[in-house]
Amino acid sequence: MTRTKFSTFSWVFLIYTLVVIVLGALVRATVSGDGCGNNWPLCGGGDGLIPAADQIHRIIEFAHRVSVFLITPLIIIQVIWCFRMFAKGSAPRKSASLSTLFIVVEAIIGAVLVRKHLVAYDASVNRAIVMSAHLVSTFILLGSLGLTAAWSSGIMPPTLKKQGAVGWALLIGFIGVILLGVSGAVTALGDQLFPMHVTSIAEALRADLSPTANFLIRLRLYHPLTAVSVGVFLVLIAGLLAHLRPTQEVRRYAAYLGGLFIFELALGCLNFVLRAPVWMQLVHLFVADLVWVSLTMLAASSLATDAPRVEVVVQSEEERLLTPHTPVAILKQYLALTKPRVISLLLFTTITAMFAAARGWPGFWLLIAVSIGGYMSAGAANTINMVIDRDIDGTMKRTSRRPTVTQHISSRNALLFGFGMEIGSFAILWSAANLLCAMLALAGLAFYVVVYTLILKRRTWHNIVIGGAAGSFPPLVGWAAVTNQLTPLAWFLFAIIFVWTPVHFWALALMIKEDYARAGVPMLPVVRGERATVIQILLYAVLTAVISVLPIISHAGWTYLGIAILLNIVLLVRCVQLYLHTERPQAVTLYKFSMVYLALLFLAFAVDRFYVM
């Protein structure tokens, strides 16, 4: 009973701290940081300790200091209670001690802000640096308070040994959220000191891009893209951890993390549209803190000593002896993880989109960098997919020799390889092109792994219809790499691949439907039959033909239109032949031509854009 009371107290303490943090943001947002002058910790001076009713800024600052002061007895109670209840060296003792340390750090940083006059309308670099340190300290404080509550509630203490890619993914997630929080704090400061007095979003963007604008204004452009990039990665690791550490706690906190971040992104958009009113800034911060706490809880439950490790597969003695040990053989196995033949077509659509966006040569080094970064991102997605699907891959003839099935490469090493590839891809695309390009590549990976592989693939025959959007991201990546924006033409290319994918993939599914049936994957030919599949192929082929001529609206030329019409005629003829004779030769013919179709269509579009002005 005593432990239950301590757990309840710890959760209440955490909630109270969240309220205090929001009240601190109110001080900044209302420019009340100098409400007590440079007096600290008291709000005294010549005007008395208690502010007058008409001193609104002083009242806000005074209320915040009182709320902070009340944390002191609470942390003392928690530490004494914790040390009396838990053994020496226990996890709750360590987290409670860390909380005490960072409450002191928070107080010191608060004193620096006040004493150095880094408050109110100060727009210096020093203020941005100290505020960033303040945010990092706040996150660590919230994390330690959350861990104390979690470990006292029954979640087992963590083990960091042999966590493999799970540990690294969580570490990257924490770093990402910290960087996002820092960019958010700087953005909020810029919104406070330099409010947007504009009549449109376009005007706001022009003001932010002005070379004469304050550094706080220019930096706030990066926050939305940083938020989406970090959010996509958090959704990715939340989905993976729910699969790799399938406990009730992990799945619950993974759902909290994914849901809260999607809600946070929506709030961010609303905050921009409403031009950052004070109340919206406070709500935005509160949800951001909840995202951090959810990530902390997800990490605690995922790294717990009793958490199952689905990705650990032990090789048999026979498999161990057959495992290749030469560098060339190992390299070939890692290369196989990326599925080079599958990536080749995706990479081709990326490159042709770059030529189309540039209306010619996009630049040698940019082309090389985007090709490498794009391959690495797609290869990372395929690698992670193989780890997740290794159970069903082992039952299918087509996939039974994949390295993750034979364990020529362990699941742990495959995940490390996949995450390493994605980190490298993001760094290359951001440095060589831009953040939008890197974010889109990451979004394609997350959509493929989470939406298609984890959510849809084993549940519905609509898996390839919705999940096919993952393969539609490459032209967006190529277009953004050149232009740093997405025009309607880029989205036309996305739409073409999106509606083309069912035609291509269902033709393959007809060829290997026995494999899918044996693995229990509900592909359309398995659950609805061949005739229903062929009808769907024909419908999507018609839709592909219609979508493929839409770029003519955005100034595509007649050369492209003529080639598109010819390709669509052949595509539709192949589909009709499959409808009349639903047999393997016709399915193979359609499957192979569908790849030629997409490659020639994108090539024609790129060439046409060079001549059409």
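Structure data summary
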{"read-out": "Euclidean distance between Cα centres, segment 563-602 to segment 337-399, Å", "value": "23 Å"}
{"read-out": "Segment 444-596: C-alpha gyration tensor shape, a/c 1.5 cut-off, then a/b vs b/c", "value": "oblate"}
{"read-out": "Neighbourhood net charge (13 Å Cβ-Cβ; Lys/Arg +1, Asp/Glu -1) for Ile466", "value": "+2"}
{"read-out": "Within the chain, helix-based [θ] at 222 nm, where runs of 4 or more DSSP H residues each add -39,500 (n - 2.57), nearest 500", "value": "-24500 deg cm²/dmol"}
{"read-out": "Lys/Arg +1, Asp/Glu -1 at C-beta; the chain dipole; positive extreme among Gly374, Ala288, Trp461", "value": "Trp461"}
{"read-out": "Simple label model, 7 Å out from Cα along Cβ direction - Arg341 to Val19, nm", "value": "6.3 nm"}
{"read-out": "Inter-part distance where segment 494-544 and segment 406-463 are each reduced to a Cα centre, Å", "value": "23 Å"}
{"read-out": "Spacing of the two label points (7 Å from each Cα toward its C-beta) at Phe610 and Val588, in nm", "value": "3.6 nm"}
{"read-out": "Total formal charge among the other residues, if their Cβ is under 12 angstrom from that of His504, Lys/Arg +1 and Asp/Glu -1", "value": "+2"}
{"read-out": "Loop trypsin sites (Lys or Arg not before Pro), segment 467-574, which have at most 16 other Cβ atoms in a 10 Å radius of their Cβ (DSSP)", "value": "Arg528"}
{"read-out": "Net length gained if the chain between Thr305 and Thr4 were fully extended (0.36 nm per residue, minus Cα distance)", "value": "106.2 nm"}
{"read-out": "Calculated FRET efficiency for the pair Arg252/Tyr222, C-beta based, R₀ 30 Å, to 0.05", "value": "0.40"}
{"read-out": "Dipole in debye (nearest 20) - the chain, about Cα centre, beta carbon charges: Lys, Arg +1; Asp, Glu -1", "value": "1180 debye"}
{"read-out": "All lysines inside 27 Å of Lys161 as judged from Cα atoms, apart from same-chain residues fewer than 8 positions distant", "value": "Lys88, Lys94"}
{"read-out": "Using alpha-carbon coordinates, inclination of helix 584-611 to the longest axis of the chain, degrees", "value": "70 degrees"}
{"read-out": "Under the Karplus curve 6.51 cos²θ - 1.76 cosθ + 1.60, θ = phi - 60°, whole-Hz ³J(HN,Hα) for segment 364-379, x wherever Gly or Pro sits", "value": "5, 5, 5, 4, 5, 4, 5, 5, 5, x, x, 5, 5, 5, 5, x"}
{"read-out": "Length added when fully stretched, Val278-Asp122, from 0.36 nm per residue minus Cα-Cα", "value": "54.3 nm"}
{"read-out": "Point-charge dipole on Cβ atoms (K/R +1, D/E -1) for segment 73-178, about Cα centre, debye to 20", "value": "360 debye"}
{"read-out": "Full-stretch length increase - Thr395, Val549 - with 0.36 nm per residue and alpha-carbon distance subtracted", "value": "51.3 nm"}
{"read-out": "Listed candidates [x] 200; [y] 160; [z] 183 - label of the one calculated as volume of the Cα convex hull per residue in Å³", "value": "[z]"}
{"read-out": "Per-residue HN-Hα couplings for segment 444-461 [Karplus 6.51, -1.76, 1.60; θ = phi - 60°; Hz; x = Gly/Pro]", "value": "x, 4, 5, 5, 5, 6, 7, 5, 6, 6, 7, 9, 9, 4, 9, 10, 8, 6"}
{"read-out": "Gyration tensor (alpha-carbon) shape descriptor, segment 349-395, a/c threshold 1.5", "value": "prolate"}
{"read-out": "Probe 1.4 Å, accessible area per residue of the chain, Å²", "value": "45 Å²"}
{"read-out": "Distance (nanometres) between label positions extended 7 Å along Cα→Cβ at Met156 and Ile330", "value": "3.1 nm"}
{"read-out": "Charge dipole of the chain about the Cα centre (unit charges at C-beta), most positive-ward option of Met439, Phe505, Leu572", "value": "Phe505"}
{"read-out": "Counted charge near Leu298, where neighbours are those whose Cβ lies closer than 12 Å (Asp, Glu -1; Lys, Arg +1)", "value": "+2"}
{"read-out": "Derived scalar couplings ³J(HN,Hα) [segment 154-171; Karplus, 6.51 cos²θ - 1.76 cosθ + 1.60; whole Hz; x for Gly, Pro]", "value": "x, 5, 5, x, x, 10, 9, 6, 6, 7, x, 5, 4, x, 5, 4, 5, 4"}
{"read-out": "Cα-centred dipole magnitude for segment 495-580, charges only on beta-carbon of K, R (+1) and D, E (-1), debye, nearest 20", "value": "100 debye"}
{"read-out": "25 Å Cα-Cα reach of Lys513 towards lysines, excluding residues that sit fewer than 8 places from it in its own chain", "value": "Lys339, Lys397, Lys457, Lys592"}
{"read-out": "0 to 90° range, to nearest 10: angle between helix 530-548 axis and the chain longest Cα axis", "value": "70 degrees"}
{"read-out": "With every protein chain in place, the chain: carbon and sulfur % of accessible area (1.4 Å)", "value": "70 percent"}
{"read-out": "Relative contact order, percent, the chain [alpha-carbon distance under 8 Å, six or more residues apart]", "value": "11 percent"}
{"read-out": "Separation between Cα centres of segment 222-277 and segment 112-173, rounded to whole Å", "value": "17 Å"}
{"read-out": "Helix 327-337 axis, angle to the chain major axis (alpha carbon atoms, nearest 10°)", "value": "90 degrees"}
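The values are calculated or read from the model by the stated rules, or taken from the named source; none is laboratory data. No experiment lies behind these values; they were computed from the predicted model shown. In this analysis, Cβ positions are derived from the backbone assuming ideal geometry, glycine residues included, and neighbour counts consider all displayed protein chains. When the accessible area is computed, the model is the full protein with side chains, heavy atoms only, and any ligands, DNA or RNA have been set aside. Shrake-Rupley method; radii C 1.70, N 1.55, O 1.52, S 1.80 Å.
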